[in-house]
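Structure record follows, encoded as structure tokens.
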């Protein structure tokens, strides 16, 4: 398993399972379903992964990486752009991402709330993945504490907007809330001047 060939095979299997998860969600995720999606047996998956929770966690992490990559690509060249500009650039990517991806990532957070003993890491890892990226969008001269506080606010707010949009379809309310977030970020940045 530690060989380059074994690692390549593990990445290939993970990619296939991740693609299936993005399309079909978490509702009936199992090792057998994952094996079908990967075109292999559940025994092969168990050789490459430490069980269904490990496979699920890695697949959800890979989906978040896709989301982060798309969002960062949307920010473009950071020169001369404010934090509010960067968040404004990210929002359409998050808002319009494919429903399957958004649904799976929301389901992962739901699992963590429903069964924290088993799935708490799905939620904790989300913050560990997103917060460094959001901190990197903050002005370089801010203290690490300030970057963390503002990043936490952005993460919680955008999560709430995505969940509200998905569960209620209230696009007007979400748009109004997003505009208020942007104004708050502009005020936060203006406090430096």
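Coordinate-derived values only; no laboratory data. All values derive from a computational prediction rather than experimental measurement. All Cβ positions, even for glycine, are placed from backbone atoms using ideal geometry, and neighbour counts span all protein chains on display.
Tabulated data for the structure shown
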{"item": "Taking the chain and dividing mean pair separation by its residue count, relative contact order in percent (alpha carbons under 8 Å, at least six apart)", "result": "19"}
{"item": "Tensor-based shape of the stretch 139-193 (alpha-carbon gyration tensor, a/c under 1.5 rounded, otherwise prolate or oblate)", "result": "oblate"}
{"item": "Neighbour-count order for 75, 18, 41, fewest beta carbons within 10 angstrom listed first", "result": "41, 75, 18"}
{"item": "Efficiency of FRET from Cβ geometry, residue 190 and residue 19, R₀ 35 Å, rounded to 0.05", "result": "0.20"}
{"item": "Residue-averaged [θ]222 nm for the chain, counting only DSSP H segments that reach four residues, each worth -39500 (n - 2.57)", "result": "-27500 deg cm²/dmol"}
{"item": "Helix 99-114 vs. the chain, principal-axis angle (Cα, 0 to 90°, nearest 10)", "result": "80"}
{"item": "Cα long-axis angle, helix 52-75 against the chain (0 to 90 degrees, to the nearest 10)", "result": "30"}
{"item": "Label-point separation, residue 93 to residue 115 (7 Å along Cα→Cβ), nm", "result": "3.3"}
{"item": "Cα-based helix-to-principal-axis angle, 144-168 vs the chain, degrees rounded to 10", "result": "70"}
{"item": "Gain on full stretching of the segment that runs from residue 123 to residue 73 - 0.36 nm per residue minus C-alpha separation", "result": "15.6 nm"}
{"item": "Gyration tensor (alpha-carbon) shape descriptor, the stretch 1-92, a/c threshold 1.5", "result": "prolate"}
{"item": "Pairwise centroid distance, computed over Cα atoms, of the stretch 27-51 with the stretch 66-95, Å", "result": "35"}
